[in-house]
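Contents: one structure, followed by commentary.
The values are calculated or read from the model by the stated rules, or taken from the named source; none is laboratory data. Just so it is clear, the structure is predicted and the values come from calculations on it, not from any experiment. Cβ placement follows ideal geometry from the backbone for every residue including glycine, while neighbour counts extend to all protein chains displayed. Remember, those area values only see protein heavy atoms, side chains included, never the ligands or the DNA or RNA. Shrake-Rupley method; radii C 1.70, N 1.55, O 1.52, S 1.80 Å.
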Amino acid sequence: MNKILRRSSVLVSAVLAASMVNAFGQATLRRAMDFDGDGKADVAVMRSSENTFYVNRSNGNVFSATQFGILHTDTPAPGDYDGDGKADIAVWRYTNGVFYSLDSSTGALRTRQFGTVGDELIQRDYDGDGKTDYAVIRRTGGAMIWYILSSSTGAFSGGQFGLSTDLATPGDYDGDGKVDIAVQRQGTTAGSQSTFYVLASSNGSLIVRSWGVLGDQVVPGDYDGDGKTDLAVVRRSGTTTDNLVWYILRSSDSGLTAAAFGITEWDTPIQNDYDGDGKADIAVYRETNGVNYILRSSDSGVSGYQWGYSTDIPIGGYDVH
């Protein structure tokens, strides 16, 4: 009987550990877009003409409008800066390099000077504490320099990783609950192979993998729900009315997922976990009609939400490169 109990205990512990990994993978996947904390990414846009964030919360489809930011000066900087499991409304002001956010837990204004004119936002959870870290990249002297401020320790880190011509593509590629520094180096001629370089936070090793071709957009996400970011690209080809084609290399089994979803001329990818199943959904925002189209990973059905105008900025496009 004791042996059976011990075996059961080991089995339960293993199941709980696996669940925690997948739960964390889900959290890192949608945290920056889950404004109501229900485990699903919400559809949201920033209307620069009104300096207003419009959010359609999936928990009861509650509508919210929050005036925040300055026209032509601020860039949406989605993230969970207070660590309460909900997305905070946030911007980065390029004129002074300051992050401004509203804590969803208290409504308090949070500010932090980090970065300078010309930097690019890469705010993510690099230390695995459940809070978004302030982070930017700087392209200078042919190199890409990463600057990260850890929310758990307050320590600043900066270092070169990648070339100035690379695409910054951070994600949790090793599944340890921390976002990894990563880039994609695109091919040099039409149709030539692109290569991902990932600095694994779990052991400091370098992961190198070819995926995509010159001209592809990178759309990181955990599409198979194993807690790891998959290598994924979107290809725009043919005429302007042709479909976008998504090519995803699943980390769980190294298999290929290919899907035609979206229109080349009109759509911006906004991949995230909108149905709350722990997997990234293929999704786009159509600027011509302000409709968000989502291919649900839970049942392969398609949802369409009219949310936004042609001039709005889809917040879900923050992780497209």
* To do: Give me the accessible area of Leu167, 1.4 Å probe, in Å² rounded to the nearest 10.
  => 40
* How large are Rg and Dmax for the stretch 184-239 when only the alpha carbon atoms are used, in Å? -> 12.8, 44
* To do: Could you pull the Cα extents of the stretch 38-110 along its three principal axes, largest to smallest, in whole Å?
  => 37, 26, 17
* **Hz values of 3J(HN,Hα) by residue in the stretch 66-74 - Karplus curve (6.51, -1.76, 1.60), Gly and Pro given as x** => 10, 7, 6, x, 10, 4, 6, 10, 9
* Estimated vicinal HN-Hα couplings, Hz - the stretch 167-174 in sequence order (Karplus 6.51, -1.76, 1.60; Gly, Pro = x) -> 9, 6, 9, x, x, 8, 7, 9
* **Long-range amide H partners of Asp230 with built H, under 5 Å** => Gly221, Asp222, Tyr223
* Asked: Which order, highest average first, do 33-46, 257-270, 52-65 follow once you tally other Cβ atoms within 10 Å for each residue and take the mean per peptide?
  -> 33-46, 257-270, 52-65
* Asked: Along the principal axes of its C-alpha atoms, what lengths does the stretch 80-173 span, in descending order and rounded to whole Å?
  -> 42, 32, 21
* Structure fact -> Percent relative contact order for the stretch 227-321, counting Cα pairs under 8 Å at least six residues apart, stands at 18
* To do: First compute the accessible area of the chain with a 1.4 Å probe, then give the percent of it belonging to carbon and sulfur atoms.
  => 53
* Distribution of pairwise C-alpha distances over the chain, 20 Å bins, in % -> 32, 60, 8, 0
* Nearest 0.05, what FRET efficiency do Asp242 and Thr189 give at R0 = 35 Å with Cβ-Cβ as r? -> 0.95
* Asked: Put Ile148, Ile181 in order of accessible area, largest first, 1.4 Å probe: what do you get?
  -> Ile181, Ile148
